[in-house]
Amino acid sequence: MSINRRQFLRRAGIVTALGLGGSFAITGLRGKVVEAAGEAGYKTSENALEAKHWAMVVDMSKFKSEDDFKRVTESCVSIHNIPDFGNPKDEIKWIWEDDYEHTFSGGDNEYLTESFKELPFTVMCNHCENPPCVKACPTGATFKRPDGIVDMDYHRCIGCRFCMGACPFGARSFNYRDPRPFIKKTNPDFPTRTPGVVEKCTFCVERLAKGQMPACVEASNGGLIFGDLDDPNSEVRKIVSSKFTIRRKTDLGTQPSVYYLVGGEDHA
């Protein structure tokens, strides 16, 4: 990449001042770097899990207590070296819980009870079919894989935060300061980040490459179902095809790959 952070910001500022719009800046600066990022990834084993379109179903009937949420969140934090800065201002989030109003804003049902609106929902990156974050990233640090996963190349991130502004789900976090001193126990098998880098859920691509399911799925006791949406025989496809599921902010056209199974105790 021949352009450094200072040069990029200067050019982006010029484009903005001239009123040429974001698409000009993105097209002019990305070049072949997007293609290169698309080839980036983790070494795969013979047992690597593959799919045409990875997707997740969140079965809310399985999240009955705070421990259910905590177990899932901590499984992600422990293996991905997610720092704990101790305050909401600097919080780094890969998977977390939020209430109905913030999770499904724009789809209000005036007849929902207050107790339901206050229920916590598990949220994460939606790995959209039409991810606006990928279009906004000028360096290819954020890219969509052929299997539908929206992945991150931390080395290409220049900290412009365009992807954060483009994401309508608030699924990205920015390291305003060095996160490494705030990691409780470092996992040597996963990279740590530096100041000025954006990060988010990646559906555990490093585990899929080894033939393992995402950590949150394994820890969820059936609350998170992960599989190939394009496979008619997969569990996620069967659920999405036969049960009532909802997705976040579908009116925006991003086509999230995370579905929420709601509305009853028995989803068998």
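The values are calculated or read from the model by the stated rules, or taken from the named source; none is laboratory data. As the structure is a computational prediction, the values presented were derived from the model and not from experiment. A quick note on method: Cβ atoms are made from the backbone with ideal geometry, for glycine too, and the neighbour counts reach across all protein chains shown. With ligands, DNA and RNA removed, areas are computed over all heavy atoms of the protein, side chains included. Shrake-Rupley method; radii C 1.70, N 1.55, O 1.52, S 1.80 Å.
Data table
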| quantity | calculated |
| --- | --- |
| Accessible surface of Y260 - all protein chains present, 1.4 Å probe, nearest 10 Å² | 0 Å² |
| In Hz, Karplus ³J(HN,Hα) per residue of segment 85-102 (6.51, -1.76, 1.60; θ = phi - 60°; x = Gly, Pro) | 7, x, 8, x, 4, 9, 4, 9, 10, 10, 9, 7, 10, 8, 7, 4, 4, 7 |
| Contour minus Cα-Cα distance for D178 and D98 (0.36 nm per residue) | 26.2 nm |
| In Å², nearest 10: area of R193 left accessible to a 1.4 Å probe | 10 Å² |
| Amide H partners (placed H, <5 Å) of N187, local residues excluded | N81 |
| Residues of segment 112-197: accessible area per residue with a 1.4 Å probe, Å² | 45 Å² |
| 23 Å Cα-Cα threshold exceeded, pairs from K135/K238; K93/K249; K70/K185 | K135/K238 |
| Rg in Å to one decimal, and Dmax rounded to a whole Å, for segment 54-261 via C-alpha atoms | 16.6, 49 |
| Chain lengthening between N233 and E129 when straightened (0.36 nm per residue, less Cα-Cα) | 35.4 nm |
| Separation of the N221 and D251 label points, Cα + 7 Å toward Cβ, nm | 3.7 nm |
